[in-house]
Amino acid sequence: MVILFVHQNFPGQFKHLAPALVKRGHKVLALTIKDAPPIDWMGVRVIPYMPARGSTANIHPWVVDIETKIIRAEAAFRAAVALRGQGLRPDLIVAHPGWGESLFLKDVWPEAKLAIYCEFFYHPTGADVGFDPEFSTIDLSEVCRLRLKNLNNEMHFQVADAALSPTQWQASTFPEPFRSKITVVHDGINTRQLKPEPRPAFLPAAGQALGLAIDPDRPVVTFVNRNLEPYRGYHSFMRALPRILRENPRAAVFIVGADGVSYGSAPASGTWKNIFIQEVRSQISDEDWKRVTFFGHLDYERFVLLIRLSTVHVYLTYPFVLSWSLLEAMSLGCAIVGSRTPPVQEVITDAENGLLVDFFSPEEIAQAVARLLANTEERAQFGTVARDRVVQNYDLESICIPKQMQWVESLR
């Protein structure tokens, strides 16, 4: 088959699937937004393009989102028309529709099947919006805005032939009749690479041979976000931090995440990181504060090393998209404290392969961390079962890639 991937930051979620299809003998290309010449990446011909304009100044705030997506969709459409003029006739288009690029590709290639990656469908209640009343209050105008935000999804439903979603809960957010077109297969975790190993003695600094020296006997609590923000429970973790430090006087706490915003809104001023440092700092002695390290953004290699250091890993989230980092930590055999929220509950069973806690309860978070820090046997048991669950359900080579390949080739 001739298969065209479309992703605004290719390869994104297709970083394993696209090269696997090349190895299978398919001709694979990709469209992506980038101001650069075409390249070959792992056998995939990557064709960049750029939107011709930005959003309209002073446009109605409810339609900023859909206008942005239409601008991107037009750019992808024009790139596709040029490729059609060069003779490209894909049998299958596999797209992440979240930014709008794939809206008009069936108009260029009506004979092609269109399969989309269903990451999340927005709801005014029952998911992320309104979950945390401290930062999200719902009024009728917000409901209207969310309905318009889903226009991109709704328009894709009219033309897509099939869909893929990484978790059952994320798939369940989509409405019928389109829900029945969604196949649930995770992107996949490389469990052969991400396996338990002896704890490293150093965490290398960027561009240096050695970075942070690690006391082999010191327990380490890890907390990782792409950006430190409420959507991923940074505020709840920070509010638990004084008690974690006070009740575990030898524990070091390693916090990973940049200062920006991936989801939700930015604060009125400053950064969420500093806002919650300031909130709890007076409750923590100077001596205890020395045991807290903020790493900012880590490259993937250093992230894996940091998780290998972890004695207890804390993962909190609104009901939203599941982070790869949780499954990666499970694959590495970590003892997990996770929030009692979907889709975390899909992969962590309380007291079986981790502990589930109230997202909003700093006390419960701190208690769970202290319980695992104090119980070597329970940590080891949870870590072993957590890894087994990832190997059995989310392994890249034996589970996810074969299922993804079957899904693609069923669309022939």
### Message
It is to be established whether one or more residues within segment 154-166 are of a type in the set (Val, Ile, Thr) and not in a strand (DSSP E or B).
### Response
yes
### Summary
Looking across segment 36-72 at residues that are closer than 27 Å to residue 16 by Cα and in contact with an Asp or Glu (Cβ under 6 Å, 6 or more places away or on another chain), the single one that is surrounded by the most Cβ atoms within 10 Å (Cβ to Cβ) is 72
### Task
Hey, could you check segment 208-223 for residues that are among the hydrophobic types (A, V, I, L, M, F, W, C) and modelled with pLDDT under 70 and say which is farthest from residue 369 (Cα to Cα)?
209
#### Entry: Cross-chain or 6+ apart pairs with Cβ under 8 Å, segment 187-203 first and farther than 16 Å from residue 392 by Cβ, then assigned to a strand (DSSP E or B)
201/213; 202/212; 202/213; 203/212
### Query
Among (1) buried (at least 17 other Cβ atoms within 10 Å of the Cβ); (2) assigned to a loop (DSSP other than H, G, I, E, B); (3) of a type in the set (Phe, Trp, Tyr), which single condition is residue 135 missing?
(1)
### Query
Would you say residue 245 is in contact with a strand residue (DSSP E or B) (Cβ under 9 Å, 6 or more places away or on another chain), surrounded by 21 or more Cβ atoms within 10 Å (Cβ to Cβ), among the aliphatic types (A, V, I, L, M) and more than 25 Å from residue 327 (Cβ to Cβ)?
yes
#### Entry: Residue satisfying condition, being crowded, with 22+ Cβ neighbours inside 10 Å and in the same structural domain as residue 167 (by TED's automatic domain parsing), within set 105, 29
105
### Query
Regarding residue 129, is this residue β-branched (Val, Ile, Thr), crowded, with 18+ Cβ neighbours inside 10 Å, closer than 23 Å to residue 15 by Cα and under 29 Å from the mean Cα position of the chain (by Cα)?
no
### Query
Say we look at segment 84-98 and pick out the residues that are touching a residue at least 40 places away in the same chain (Cβ under 8 Å) and surrounded by fewer than 19 Cβ atoms within 10 Å (Cβ to Cβ); which of these is farthest from residue 411 (Cα to Cα)?
88
### Task
Among the candidates 355, 411, 332, single out the residue that is touching a Pro at 6+ places or on another chain (Cβ under 7 Å) and either free of Cβ contacts under 8 Å to residues at least 12 places away in the same chain or not acidic (Asp, Glu) (or both).
332
### Query
Would it be correct to say that residue 179 is assigned to a helix (DSSP H, G or I), within 25 Å of the chain's Cα centre (by Cα) and charged (D, E, K, R)?
yes
#### Entry: Single condition residue 404 does not satisfy, out of (1) in contact with a Leu (Cβ under 7 Å, 6 or more places away or on another chain); (2) without any contact (Cβ under 8 Å) to a residue 24 or more places away in the chain; (3) not assigned by TED's automatic domain parsing to the domain that holds residue 239
(2)
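The values are calculated or read from the model by the stated rules, or taken from the named source; none is laboratory data. On a predicted model such as this, the values are computed, not experimentally measured, just so you know. Neighbour counts are summed over all protein chains in view; Cβ atoms, including those assigned to glycine, are modelled from backbone coordinates with ideal geometry.
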